[in-house]
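Chemist: My questions all concern the structure below.
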Amino acid sequence: MLTLTHTIASAAIGDVINNPAGSFFFALVVHFVLDSFLHWNFYPGKHEPIFVLSAIEFLFGLVITFLILGTKIFSPPIFWAIIGGMLPDMWAIFRLFFHLKETSFDKIHSRVQRETPIVWKGLISQIVVIGISVYILLNYK
């Protein structure tokens, strides 16, 4: 999934759970669940520079979340949910950048992926996840 999708979904998790540790771990688990949905993504070797593209879409997700939540985005539960929800992708990018050996964590992350090279087909699930997450962010009290 795009980091944009993980960022917004994780913020919704942090807003609902409202506990830093619980938000972190739940968002981490949900990351793997979301990656198991058919999705499109930027690919190393095909979309260069992958690091810049990922950073831009991550920032875009933060901006969308900030526009909805305002400074609440900096609350510990939402902050830690975003960190937990982004951790697998942040680690993957770090590992690629520094040419580190694949770990068991990476193998699990790779195994759950259901990616498609067909952009429109892979964006459907992400649009749904973003829509549900934005709805939660706008309506959860």
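Chemist: Tally time: how many residues in the stretch 1-55 are modelled with pLDDT of 90 or more and out of contact with any strand residue (DSSP E or B) (no Cβ under 9 Å at 6 or more places or on another chain)?
Modeler: So the count comes out to 31.
Chemist: Is it true that some residue in the stretch 88-99 is closer than 14 Å to A9 by Cβ and either in a helix (DSSP H, G or I) or free of Cβ contacts under 8 Å to residues at least 40 places away in the same chain (or both)?
Modeler: Within the stretch 88-99, one or more residues are closer than 14 Å to A9 by Cβ and either in a helix (DSSP H, G or I) or free of Cβ contacts under 8 Å to residues at least 40 places away in the same chain (or both).
Chemist: Between F94, F66, F24, which is farther than 12 Å from H6 by Cβ, crowded, with 17+ Cβ neighbours inside 10 Å and under 17 Å from the mean Cα position of the chain (by Cα)?
Modeler: From the options F94, F66, F24, the qualifying one is F24.
Chemist: May I pose another question? Between I73, I127, I136, which is over 23 Å from P20 (Cβ atoms), assigned to a helix (DSSP H, G or I) and of a type in the set (V, I, T)?
Modeler: The conditions single out I127.
Chemist: Can we say A27 is part of a helix (DSSP H, G or I), in contact (Cβ under 8 Å) with a residue 12 or more places away in the chain, out of contact with any Gly (no Cβ under 6 Å at 6 or more places or on another chain) and not basic (K, R)?
Modeler: No.
Chemist: Scan the stretch 47-54 and give yes if some residue there is more than 22 Å from G131 (Cα to Cα) and in contact (Cβ under 8 Å) with a residue 12 or more places away in the chain, otherwise no.
Modeler: yes
Chemist: Of the numbered conditions (1) more than 14 Å from H6 (Cα to Cα); (2) surrounded by 15 or more Cβ atoms within 10 Å (Cβ to Cβ); (3) of a type outside the set (G, A, S), D35 satisfies every one except a single condition; which is it?
Modeler: Evaluating D35 over (1) more than 14 Å from H6 (Cα to Cα); (2) surrounded by 15 or more Cβ atoms within 10 Å (Cβ to Cβ); (3) of a type outside the set (G, A, S) leaves (1) as the failure.
The values are calculated or read from the model by the stated rules, or taken from the named source; none is laboratory data. This is a predicted model, so every value here is computed, not measured. Cβ coordinates were reconstructed from backbone atoms using ideal geometry, including for glycine residues, and neighbour counts include every protein chain displayed.
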